[in-house]
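Colleague: Okay, handing you the structure first.
The values are calculated or read from the model by the stated rules, or taken from the named source; none is laboratory data. What you are looking at is a predicted structure, and each value in this text was computed from that prediction instead of being measured. In this analysis, Cβ positions are derived from the backbone assuming ideal geometry, glycine residues included, and neighbour counts consider all displayed protein chains. Ligands, DNA and RNA are stripped out before the accessible areas are found, and what is left, the full protein with its side chains, is counted by its heavy atoms. Shrake-Rupley method; radii C 1.70, N 1.55, O 1.52, S 1.80 Å.
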Amino acid sequence: MSPPTIVIDAEKPRRLVDWRELWEYRDLLWLLVRRDIKVRYAQTVLGFAWAILKPVVTTVLLNFIFNNLAQIDSGDTPYPLFAYAAVVAWTYFAGAFTTATGSLIGNKMLSKVYFPRMIIPVNPVLSNLVDFAIALLMITPYLIIYKTVPSWQIVFLPLLILIMVLTAAGGGMWLSALAVQYRDIKLLVGFAVPLLMYASPVVWPVSLLAEKVPHLRLLIAMNPLVGVIGGFRAALIGATPMPWDLIAVGTLTALALFVSGAIYFRHKERAFADVL
Amino acid sequence: MSEIAVDIQDLSKVYRVGVREEQADTLAGAMVSLVTSPIRNFRRLRKLSHLEDRDHAEDVIWALRGVSMSIARGEVVGIIGHNGAGKSTLLKVLSRITAPTEGRVTLHGRVGSLLEVGTGFHGDLTGRENIYMNGAILGMRKREIDRKLDDIIDFAGTGTFVDTPVKRYSSGMTMRLAFAVAAHLDPEILVVDEVLAVGDHAFQQQCLGKMGEIARAGRTVLFVSHNLAAVTALCQRAVLLEHGTTLSQGSVSDVIQQYLTRNADGGQVSLAQREDRKGTGAIRFTSLTFRAPGGTVLDQIPAGADFDIVIDYETRDGAAAERAIFKLGLLDLYERPLATCLSRTSHTETFALPPRGRIVCRIPRLPLVPGRYPFDLWCKLDETVADWLQPAAALEVVSGDFFGTGRLPPRARGDILLDHAWSVEPIAGASDAPKEAS
């Protein structure tokens, strides 16, 4: 067997994503994801209960403000259930996206050892899925309390999750690579992510778009979370139909974000160790 | 014709160093710069990764410039050079941490690089988990680590603590565990930085021992070090880098010789202008140099090397002098006398001095551990001190292969390298002849 030959030069990367190499390093990705999960709640009293506590407390607060005080119409769905279905997706996205953005900064491994750099921002995107899964299961008590059964549309849930993951990964690759050079990005994300929550249908129903701003509807849906959260409600609660047009627009954005993010990341990764 | 394992062609690496920012010194200036600085900052930050202007920009440094070398399979090559010579940059390029600006490197074989021990260690994970983590980061597959796990735990000597979080380990234990993982990486090409410079002496020796084992196993090794004793013992060939270029490559002893010579800024200690001298002044030391037996001027002396201390002098009235004796007194760290080279004890005769001349004190096989040793120097004529400098200069001893093993004790264990041999003999009545330690 001839040994592998590695050529190091100043040329741009030859492949968009070097799948073969990523595959060779799959153990590392898997170990990093496991480390992340294990370390996140290390030496905490509540442990994985935090994964439930965050969306539950958020839902209680949102319910008080937007249901009791502002009285937003959630249709036939009880507001807490309505909010929880969205908060689960939102909590995942905000956590994964924010962590991915800052993942390269302060990463000491980058200047010490070689491995496919893409593993770093992808790691939080995957490890946050564990918290997401736990929170998602916690919708069961809500469903029982409000005597609701998920609709058959729940079969589309994996697709919605995939769109959500692609968005977080794409955005994470873009912004982590940018943040290495421009630290403004970390500050920007810190303040833009909470704002993005209001641009996504977390506290309001997607049906409101058709009612109030029909001409802006598809433009707003370019935020992939609009379709994803609308879809989550349709799948988990079943009181509304799948907003397929919104999901389609969002999927396009998510794919564009993911592909361009990967290209930009690959383009920039060779300079990470120098600029960091 | 041996097979090439590493081929480096015309490799260059440019870094942009930050340019100083201008500070506004008036309130109005500060207001203006509040508006304009984002644009300036953006340009400045953007330039960090754009190097098209590298040939004429002022704020770039060429960490490597046109470095070429090829290393055959199984060769162990030491890379030496001063700080900032480009050693670390070269290793970073070879380990694919940073991309070169120009040129190319072709590596035939799996590369393992060890620029740090314990990369990716996390205090909240147990020893076992960190072994997997660190191993994967170094490029090992999980299956491979499974297979080597017992050896690694054994080597690290952490025993029952392997399932304890690493943050409860002592720092020495953490380091041993980290090195144990790295030591079990067996790539075809190993790139090692001065990771071995950390840790206590025992740890360093353990590292060097393992390095020697790897080298003897026929792997290609690139070893960057300041430790000349280690380079001498481990490497077959050495490369000297300076200001990002290869100054010389060849046999270890030649390259080290050149390295030590290049160290000197002239290598000569001028004594003519010194005012802090005692004695009658009948003769005056004017300069002092250290020389290798071939005559090359040295700035630093490797332990175990033969060298001369050469002192130029002149007599006050241009007349010859008689019955001279010399003394050179070496001092330790605390300026206590360490050893004396007194001509009256090493020679029965005194010396006759021509009006201008050169006093040479040869020291064979320098028996001092690396460090700095100031020394006094005097010359007496007819038992009267003619010139006395205290201290005259200092001897800079660097690591060298005194014992022929590549190893030296640390200075904390004493300044003197005492040549010795150990052996074991049976007590009378046993049948075997005495055996020498191997």
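Colleague: In this structure, is residue B:29 more than 13 Å from chain A (Cβ to nearest Cβ) and either within 18 Å of residue B:238 (Cβ to Cβ) or in contact (Cβ under 8 Å) with a residue 24 or more places away in the chain (or both)?
Modeller: Details: more than 13 Å from chain A (Cβ to nearest Cβ): yes; either within 18 Å of residue B:238 (Cβ to Cβ) or in contact (Cβ under 8 Å) with a residue 24 or more places away in the chain (or both): no.
Considered against the rule, which asks whether it is more than 13 Å from chain A (Cβ to nearest Cβ) and either within 18 Å of residue B:238 (Cβ to Cβ) or in contact (Cβ under 8 Å) with a residue 24 or more places away in the chain (or both), residue B:29 comes out as no.
Colleague: List every residue pair whose Cβ atoms lie under 9 Å apart, where the two residues are 6 or more positions apart in sequence or sit on different chains, the first residue falls within segment A:111-132 and is within 13 Å of chain B (Cβ to nearest Cβ), and the second residue, located anywhere, is open to solvent by less than 10 Å² (accessible area, probe 1.4 Å) and aromatic (Phe, Trp, Tyr).
Modeller: Cβ pairs passing all conditions: A:111/A:272; A:117/A:265; A:117/A:272.
Colleague: State whether one or more residues within segment A:68-85 are part of a helix (DSSP H, G or I) and modelled with pLDDT under 90.
Modeller: Of segment A:68-85, the ones part of a helix (DSSP H, G or I) are A:68-69, A:79-85.
With the extra rule that they be modelled with pLDDT under 90, the set shrinks to none.
Taking every residue of segment A:68-85 in turn, none turns out to be part of a helix (DSSP H, G or I) and modelled with pLDDT under 90.
Colleague: What number of residues within segment B:103-145 satisfy the criterion of being within 7 Å of chain A (Cβ to nearest Cβ) and touching a Pro at 6+ places or on another chain (Cβ under 6 Å)?
Modeller: Total meeting the criteria: 5.
Colleague: Can you go through B:225, B:253 and tell me which one is of a type in the set (S, T, N, Q) and open to solvent by 20 Å² or more (accessible area, probe 1.4 Å)?
Modeller: Details: B:225 fails: open to solvent by 20 Å² or more (accessible area, probe 1.4 Å).
Step by step, each of B:225, B:253 is checked, and only B:253 is of a type in the set (S, T, N, Q) and open to solvent by 20 Å² or more (accessible area, probe 1.4 Å).
Colleague: Does segment A:30-48 hold any residues that are of a type outside the set (Val, Ile, Thr) and open to solvent by 40 Å² or more (accessible area, probe 1.4 Å), and which are they?
Modeller: Looking only at segment A:30-48, we keep the residues that are of a type outside the set (Val, Ile, Thr), and these are A:30-32, A:34-36, A:38, A:40-43, A:46-48.
The answer is A:30, A:34, A:35, A:36, A:38, A:40, A:43, A:46, A:48.
Colleague: Here is a follow-up. Of everything in segment B:112-127, what is touching a strand residue (DSSP E or B) at 6+ places or on another chain (Cβ under 9 Å) and crowded, with 24+ Cβ neighbours inside 10 Å? Give them in sequence order.
Modeller: B:113, B:114, B:127
Colleague: With the condition kept exactly as written, say whether any residue in segment A:3-19 is at positive phi and more than 11 Å from chain B (Cβ to nearest Cβ).
Modeller: Within segment A:3-19, the subset at positive phi is none.
No, there is no match, as no residue in segment A:3-19 is at positive phi and more than 11 Å from chain B (Cβ to nearest Cβ).
Colleague: Could you tell me which of the residues A:261, A:170, A:230, A:250 is surrounded by 16 or more Cβ atoms within 10 Å (Cβ to Cβ), closer than 30 Å to residue B:17 by Cα and either away from chain B (no Cβ under 14 Å) or in contact with a Leu (Cβ under 7 Å, 6 or more places away or on another chain) (or both)?
Modeller: Matching residue, one of A:261, A:170, A:230, A:250: A:261.
Colleague: For residues that are closer than 28 Å to residue B:386 by Cα and open to solvent by less than 20 Å² (accessible area, probe 1.4 Å), tally how many sit in segment B:298-307.
Modeller: Start the filter on segment B:298-307 by keeping residues that are closer than 28 Å to residue B:386 by Cα, which leaves B:298-299, B:307.
Still in the running and open to solvent by less than 20 Å² (accessible area, probe 1.4 Å): B:298, B:307.
Residues meeting the conditions: 2.
Colleague: In segment B:310-337, how many residues are out of contact with any Ser or Thr (no Cβ under 8 Å at 6 or more places or on another chain) and crowded, with 18+ Cβ neighbours inside 10 Å? It would help to see each step written out before you state the result.
Modeller: First, pick out the residues of segment B:310-337 that are out of contact with any Ser or Thr (no Cβ under 8 Å at 6 or more places or on another chain): B:315-320, B:331-337.
Restricting the remaining residues to those that are crowded, with 18+ Cβ neighbours inside 10 Å gives B:315, B:331-332.
Total meeting the criteria: 3.
Colleague: Need the failing condition index for residue A:52 against (1) within 11 Å of chain B (Cβ to nearest Cβ); (2) open to solvent by 40 Å² or more (accessible area, probe 1.4 Å), just the number.
Modeller: With (1) within 11 Å of chain B (Cβ to nearest Cβ); (2) open to solvent by 40 Å² or more (accessible area, probe 1.4 Å) applied to residue A:52, the lone miss is (1).
Colleague: Scanning segment B:62-76 for residues that are hydrophobic (A, V, I, L, M, F, W, C) and more than 15 Å from residue B:11 (Cβ to Cβ), which turns out nearest to the chain's Cα centre (by Cα)? If you could, list the steps in order and put the result at the bottom.
Modeller: Of all residues in segment B:62-76, those hydrophobic (A, V, I, L, M, F, W, C) come to B:62-64, B:67, B:69, B:71-72, B:76.
Retained after the next criterion (residues that are more than 15 Å from residue B:11 (Cβ to Cβ)): B:72, B:76.
On the way: B:72: 24, B:76: 17 Å.
Applying the filter and picking the extreme gives B:76.
Colleague: Here's another thing I want to ask about it. Can you find even one residue in segment A:216-225 that is touching a residue at least 40 places away in the same chain (Cβ under 8 Å), part of a helix (DSSP H, G or I) and crowded, with 22+ Cβ neighbours inside 10 Å? Talk me through it step by step, then tell me what you get.
Modeller: Here is the first cut: in segment A:216-225, the ones touching a residue at least 40 places away in the same chain (Cβ under 8 Å) are A:224-225.
Filter once more, so that each one left must be part of a helix (DSSP H, G or I): A:224-225.
Filter once more, keeping what is crowded, with 22+ Cβ neighbours inside 10 Å: A:224-225.
The answer is yes; a qualifying residue exists.
Colleague: Of the conditions (1) buried (at least 21 other Cβ atoms within 10 Å of the Cβ); (2) of a type in the set (Ser, Thr, Tyr); (3) over 24 Å from residue A:224 (Cβ atoms), residue A:127 satisfies every one except a single condition; which number is it?
Modeller: For residue A:127, the failing item is (3).
Colleague: Sticking with this one: Residue A:112: open to solvent by 10 Å² or more (accessible area, probe 1.4 Å), touching a helix residue (DSSP H, G or I) at 6+ places or on another chain (Cβ under 9 Å) and among the charged types (D, E, K, R), yes or no? Can you show your working first?
Modeller: Numbers: open to solvent by 10 Å² or more (accessible area, probe 1.4 Å): yes; touching a helix residue (DSSP H, G or I) at 6+ places or on another chain (Cβ under 9 Å): yes; among the charged types (D, E, K, R): yes.
When the stated conditions are applied, residue A:112 passes them.
Colleague: Given the condition facing chain A (nearest Cβ under 9 Å), within 32 Å of the chain's Cα centre (by Cα) and open to solvent by 50 Å² or more (accessible area, probe 1.4 Å), answer yes or no: does some residue in segment B:86-96 qualify?
Modeller: Of segment B:86-96, the ones facing chain A (nearest Cβ under 9 Å) are B:92-96.
Still in the running and within 32 Å of the chain's Cα centre (by Cα): B:92-96.
In the following step, the residues that additionally are open to solvent by 50 Å² or more (accessible area, probe 1.4 Å) were identified as B:92, B:96.
Yes, segment B:86-96 has at least one match.
Colleague: Also, quick follow-up: Of the conditions (1) within 28 Å of the chain's Cα centre (by Cα); (2) at negative phi, residue B:274 clears all except one; give me its number.
Modeller: Going through the list (1) within 28 Å of the chain's Cα centre (by Cα); (2) at negative phi, residue B:274 breaks only (1).
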